[in-house]
Structures are given as C-alpha cells and as structure tokens.
C-alpha cells in the first residue's frame, strides 16, 4: 500500500510589533463536515477475495476524512465494472471464468492523500469430477420421499447426511420417457414421448423436421442421428460411458441382453413387467437415439445389464460384457459416466411388483431398498473415492404436479397442455448428490431441473451444452460446489 500526501498551502498574515509579516502554513483544503481531524484513505476490505462461482459482486470499502473516491488504475479485466458509490465504498461486478485469477489496481483519493491497493480476485474452479453416477427412480414428488423420511430413511436421511439435498429440483415433463431423453440430450418433450412412446413405438421423426437452435422439431420417439447426445460428446472427448439396465435380457425373447432395442419402427413390448423381468425400454434413454442404436457394436458394449452385486449377468449375455459390480472394481474399468436404471419394481414404478416378490411395504420402500444395496458399492469404489459424483433423482413427480422452473420452454411439438401435459413441467421431485467434493449435510434451495443436471455434467467435463441445457437458468455450479469437501 502506498500513500502520497498532498500538502495544501495557505497564506496567512500576522502583525508583530506593528509590522506585517507573511508566513506559510499547512492546512487541509477541505474541512471535515464534523470538524474532526482529516485522515488519509485506508482500505478496509480484503486485498484477496475468492468467489465460489463465476458471477462476482464485491464491495470495496475505505475509511477516510473527507470521504474518499474509489477508482480503478488502468483497464479493468473484460467482464468487470467498478462503480464508486460516493460514500467511501465502490462495487465491483461482473462474470469471470471458473478458475480465473485477476489482479486489479485500485486507488482511493481525498484532499489529504491518495492510497493505492492491489486487489486479487480468484474464482474457484469446478472440481475435478471425472466419474459421474446417475440413478433415476420413478414417479414420486418431494413430499412423498424427502419430505417423509420414515418411509425411506436411507434416501431421505442417510444420503443427504453424506452429501447435499437439492430441495427445489424439478422434472421437465410427464410421463417418463421425455424426462429420460432430456437428461441425455436436452431435447424437450413432444407429443409422442410424452406418452412414453406407447402408441408410436420406436417411431422416427418425420423427414424434414430438422434441428432449430439445437432442438429437434416435430414429434417422434427415436431421434435422428444428427441430434447430439451426452454419450456422443463424451466419446468425442475421449471419455467413457455406460448405461446399466436392471433385468435387461432376463427374458431373451422379450429383449436382448445388450442394447435392449426393439428395432427401428418396432413397437415397445416392454411396457409392462413380466415374471422375472422388469426392464422397461422407455426408462433406457440410450435406445431412443439413432446415433447409438445404428452403431450395433457401440450399443451392445455400452448399454448393458446392471447385473447382480456379485457381478453375475443374465444367461445369454455376450462374452466380455460386464455389469456395474465388476466395472466398479478399478478406476480404469469404471466409466466416466454411468446411468443406472432399476427395474420396474426397484425404481418404484410398480407397486405391488409384477416381476419379483417385494418384501417392502410401498413403492418408496422398494426404492429405498435398491439404493441401500447399490449405493454403498458405488461409494466404496476406487473411482468414486478418487473423483466421483453420485446423483440420485426421479424422472417426474406425480401427475397432479406439473410445475416447472429454470426458464423451461414448451417443446415445439409438445402436448397442448404443456410439457407436463396439464402444465409447464414435471413437478417438484428433489434430488440428492454425494461426492468427495461436496460438503456433507448440505442443503440447497436453488431451482434446478434435468436440464440443469445435463448442463452441469457437461460443464464438469468441459463439453458444450446441448438443447435446452444451453438456455437453462441455473446449474449445480452455483451452489452445490460452493464449498468442497476435498
């Protein structure tokens, strides 16, 4: 800090023994409004400040008499502005990239002196998450799950105690399939997948209905090959991904043990569970994109059965295919992105269950039991411990709740009632996240949705945001990773 004192000269006269004599005296150029002693400016705010997010708002404060004016020295970094408030404070605002470190020259001046300060601004970077696990459950609103811990203590109490509870997280539509598709591509609901493709099956979009601003036009269920997806982005960037589908291939005449795709234009024969098999294609978003299903080798190797906790897979699973329990054994075999879909019993869709005998007392209790089985395996894995992030969410709330958030817009071919058929969205569901980079026992009330999740995962891997994820108004970056546990 450097202070340059300014001396103001005043001319006074004094009569001594009848003669007049001139002298020079130092005096303040501006009197204090209260008559107190003039003082040079002193910066009272910190000289180094760290921000958890890219948006910066910081108040610079000084103490001086008279009040000091605060200005910047030189050119401010792009994206920042400094406004003197006229009361000894100034406000610095703007947006900077994650991980940015900026040095700004400041100057506070009054009639007594000028004081300089160097202000260092640091914007915390996103954590080095490199293994993301997403578990998607079915059809429950926030009140029924996180709001009623007695029925699902592991989901509603244990997991939030290990990570963060997102209290204002919303689905983007009704019924299921549009939500799953949104998580993988940012595409909004359309009138076919709003009905879970039950009527249309694996129908293509009409020829000529292309992309406009990244959004597929028209209605259909299997998206054209030029519609980008998160798996495609990960592939291009050198990362790995897998979809793990519980029960897929249990009944080989119903669906294959890998990919689980019925074929272009074919009906979906997995709409209801059968004995021993609760796989539902509509909860397997990978098979609704030609960019994945047209590449048989890719789909067969990357969309696989979940398997059992001991690694056992359905009879008929091709040699070399591995399930989640086996893949978790090392960092090298764990995909960078894992999307985990329970069967129609364990995800809470069916109660009572059609494909298996469930000892649980409710759909929510079934969900709780599934998580209690699989989450400890994920958390114990080397990849999760090193740089993992677990996200446990729901596709949608119950049909009575069609609320939305985060700037969600109606899809160009959505039901006339909106993305939620009777409203703009999929209702309040809540989500819990656990990671070495998240402070245990945290809560966040930022409004978020499935587009927020996609955008946040893309941010973590340094990928462009797809579809509606490009325009969503909030992401995990602004609250979830504001403090890190690692």
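In this simple spin-label model, placing a label point 7 Å from the Cα along the Cα-to-Cβ direction at both residue 357 and residue 118 gives a separation of 7.4 nm.
Counting other Cβ atoms within 10 Å as a rough exposure proxy, the listed residues 116, 247, 310 run 310, 116, 247 from fewest neighbours to most. Debye-formula intensities of the range 246-346, expressed as log10 I(q)/I(0) at q = 0.13, 0.15, 0.16, 0.17 Å⁻¹, are -0.42, -0.57, -0.65, -0.73 (one equal scatterer per alpha-carbon, no solvent). Applying 0.36 nm per residue to the separation of residue 315 and residue 329 and subtracting their alpha-carbon distance, the gain on full extension is 2.8 nm.
I'd like the FRET efficiency for residue 49 and residue 217, computed as 1/(1 + (r/R0)^6) with the beta carbon distance as r and R0 of 51 Å, rounded to 0.05. Could the numbers behind the result be given before it?
On the way: r = 46 Å, r/R0 = 0.90.
The formula returns an efficiency of 0.65 here.
By the helix-only formula, in which each DSSP H run with n ≥ 4 contributes -39500 (n - 2.57) and the sum is divided by residues, the chain has a 222 nm mean residue ellipticity of -3500 deg cm²/dmol.
Between residue 225 and residue 103, the distance separating the two model label sites (each 7 Å from Cα on the Cα→Cβ line) works out to 5.3 nm. Along its first, second and third principal axes, ordered by size, the range 302-450 spans 47, 39, 34 Å in Cα coordinates.
Taking only the C-alpha atoms of the range 121-212, Rg followed by Dmax gives 18.0, 56 Å. For the range 157-176, backbone nitrogen atoms closer than 18 Å to the point 7 Å from residue 422 Cα along Cα-to-C-beta are found at 171-176. Could you grab the relative contact order for the chain? Cα pairs under 8 Å, six or more apart, rounded to a whole percent. So the answer I get is 20 percent. Please state the shape class of the range 301-380: rounded when a/c is under 1.5, otherwise prolate if a/b exceeds b/c and oblate if not, all from the C-alpha gyration tensor. Verdict is prolate for the range 301-380.
Restricting things to alpha carbons, find the Rg to Rh ratio for the chain using the Kirkwood radius for Rh. It would help to have the intermediate numbers written out before the result.
Working: Rg = 30.1 Å, Rh = 25.3 Å.
In the chain, Rg relative to Rh is 1.19.
Neighbour counts of other Cβ atoms within 10 Å put 242, 167 in the fewest-to-most order 167, 242.
Which of 400, 109 has the fewest other C-beta atoms within 10 Å, and how do the rest follow up to the most? Before the final figure, lay out the partial values.
On the way: 400 9, 109 19.
Listing 400, 109 from fewest to most nearby Cβ atoms yields 400, 109.
In nm, what is the difference between 0.36 nm times the number of residues separating residue 380 and residue 470 and their Cα-Cα distance?
On the way: separation 90, 0.36 × 90 = 32.40 nm, distance 3.38 nm.
Gain on extension, residue 380 to residue 470, equals 29.0 nm.
Set the Förster distance to 30 Å, then compute FRET efficiency between residue 297 and residue 204 from the Cβ-Cβ distance, nearest 0.05.
Values: r = 22 Å, r/R0 = 0.72.
Efficiency, rounded to the nearest 0.05: 0.90.
Placing a label point 7 Å from the Cα of residue 272 along the Cα-to-Cβ direction, the residues of the range 340-361 whose backbone N falls under 12 Å from that point are 354-355.
Taking every DSSP bridge with both residues inside the chain, close to 65 percent are antiparallel.
Throughout, read-outs are computed from the coordinates displayed, never taken from laboratory work. Small disclaimer: the values here were computed from a predicted structure and weren't measured. Glycine also receives a Cβ, built like all others from the backbone with ideal geometry; neighbour counts cover every protein chain displayed.
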